[in-house]
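Please read the structure below before turning to the comments.
The values are calculated or read from the model by the stated rules, or taken from the named source; none is laboratory data. All values derive from a computational prediction rather than experimental measurement. So basically every Cβ, Gly included, is an ideal-geometry build from the backbone, and we count neighbours across all protein chains shown.
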């Protein structure tokens, strides 16, 4: 994959919105930042994890805050550059490569922008293969790479370094700092080695993300139904990837609730021409579970995306509207995300569900 | 002054409760910590600011959190020692002396304990001559010594370093971190030079604090009315210090409100035998203003203390009770605290009052 022009950047951002599964922060500000780098001729270099030395020094950067604040607040390249400088100074070594902690939403597109800006390779991998709302919900953390030190900066020159006993505490401290500074800050975190990336990351997600965005655009131009192209790309049982078109209809009820700093939501949809055929999607920042006429058809960490029925454009949770014509697509999570130790952290129980995780391909044979 | 036994420690803590003007955190846990050091033969050394070299390296330590959490949560000497070690490491130099940021309440007694533990001199001075509820409300900040870097630690090994653009932001960030860690953490902050201490601190407040505590105890033992001794100590117009016994009565109404993380309160008292003679004290964490039959008799930053009418024991805001027999004493703030640039920060306007500051000696000639 190569990201060399505006269309490539838009494809990447569209893929990130898909993998954002309703949340993850609008990729748009990251898209603008990456586009600026690309238009200057600074193209991000994406490498495979196995190109890394085992002792390579790897770092993540990500935004921490509130998505509605984010979109009112353009990303500053200068800030991200200073964040990297100060983090290298604090760590006492130079960084060899970047990795996105979160492929879905803003963070992957932004990390590509930082990689281009710093002329550092970006590893074709991330820590969750989707979006999650807390910094400890990554495979890195499950397998013992600490988030700390977490360096946090805002655009006014305020800075904090968090060194916590565990990653859940790092999340609470970082979230509190973010709130105190207006709910949008940038962070550098999860310093890792090349070996750790090879062993613990979710691989090939940057290229998957770009392919999804590109496929949606091309299918829209070339096919009668863009979903045919998307399903052909994503449903590859021989590669262990399963994708299902779960529903085709319109939104008939939307309930949003902001509680304990989470965005809870319930989206109810009716099939076209059949009001008795109903799908309900439950969200907590991201889409977590889908029930078709009461039967569970997808469960976290498997992915759910709600797309415009016509254009297959992914729609984030806060942009859903009553009456909207949509299609719901489910996608299997990467195999590493379904291991017992990972499901213990970000499986159904991690979001308060009592039910066990069942793979989308078993729920929808 | 020398602090060499349990009685000396109790005297110091009693003075700190007086100068805490109703807030500042209960000195009790600091008292226990200081007492432990003293019983081990580690006595705090209190020195005058003019004994410092101009380039001496000075630091403050203080608790940041919620007083009700504090009293359920003993102070750990190990934690304070590690905090000092890590702060010296971060600053890249050794500390020559400590200064209390806040003489009133917990922080002065605790800083004496840390000074004894580390065998560092404690300067006979502080940053406010009383208690205030935010870390930027100190003369150091008014005169341009930044609070940052602020190092924050809790007992579980979580740590943060805050480097803010201004001290009000340092306060917001530190407060947020404290809340995220359970509302009781310890901090090292306001690195200063000896010259800055000489120029910007409120001087001789440690010895004043100790004298007040000692005077209350001795007057209680030796005089019919302990307030006679207290007034004789504190009302010294020739030294620019003015003290008034403002009221003698009982509490007839108490209103407490926790709003925006502040403790607001209104305390109404009636004179003994005369229900038409009323004093109202307004508090916002600390006692801020006293109105006698509608006429203002003391205004922040001048000090107000509510004491047990019999024993002259200072009573903090959360321990006031309906029907309690009390006396109200007002004390002039140190001259530096009444300068225009200081009043602009922690004068009446700093707490939302529209009225101008008037000195207690003018309000009560």
Return yes or no: is residue A:257 under 24 Å from residue A:202 (Cβ atoms) and assigned to a strand (DSSP E or B)? no
Please specify each residue of region B:152-172 satisfying the condition of being over 17 Å from residue A:180 (Cβ atoms) and either away from chain A (no Cβ under 12 Å) or touching a helix residue (DSSP H, G or I) at 6+ places or on another chain (Cβ under 6 Å) (or both). B:153, B:155
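Conditions tested, residue by residue: (1) modelled with pLDDT of 95 or more; (2) in a loop (DSSP other than H, G, I, E, B); (3) over 28 Å from residue A:159 (Cα atoms).
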residue: A:21; (1), (2), (3): yes, yes, yes
residue: A:32; (1), (2), (3): no, no, no
residue: A:35; (1), (2), (3): yes, no, no
residue: A:55; (1), (2), (3): yes, yes, yes
residue: A:59; (1), (2), (3): yes, no, no
residue: A:64; (1), (2), (3): no, no, no
residue: A:69; (1), (2), (3): no, no, no
Sole residue being in the same structural domain as residue A:292 (by TED's automatic domain parsing) and over 24 Å from residue A:15 (Cα atoms), chosen from A:347, A:323, A:317, A:330: A:323
Scan of region B:173-212 for residues that are at positive phi and within 14 Å of chain A (Cβ to nearest Cβ), ordered by number: B:182, B:183
Would you be able to say whether some residue in region B:157-167 is part of a helix (DSSP H, G or I), assigned by TED's automatic domain parsing to the domain that holds residue B:93 and crowded, with 17+ Cβ neighbours inside 10 Å? yes
Condition test on residue A:307, is it part of a strand (DSSP E or B), in contact with a strand residue (DSSP E or B) (Cβ under 9 Å, 6 or more places away or on another chain) and not assigned by TED's automatic domain parsing to the domain that holds residue A:24? yes
Going by what's in this entry, would residue B:259 be described as surrounded by fewer than 20 Cβ atoms within 10 Å (Cβ to Cβ) and at pLDDT below 95? yes
Among residues of region B:130-146 being touching a strand residue (DSSP E or B) at 6+ places or on another chain (Cβ under 9 Å) and more than 26 Å from residue B:304 (Cβ to Cβ), the residue farthest from the other protein chains (Cβ to nearest Cβ) is B:145
Could you tell me whether any residue of region A:81-91 is in contact with a strand residue (DSSP E or B) (Cβ under 8 Å, 6 or more places away or on another chain) and in a loop (DSSP other than H, G, I, E, B)? no
Quick check on region A:222-231. Is at least one of its residues at positive phi and touching a residue at least 60 places away in the same chain (Cβ under 8 Å)? no
Failed item in (1) at pLDDT 95 or above; (2) not assigned by TED's automatic domain parsing to the domain that holds residue B:24, with residue B:221 passing the rest: (1)
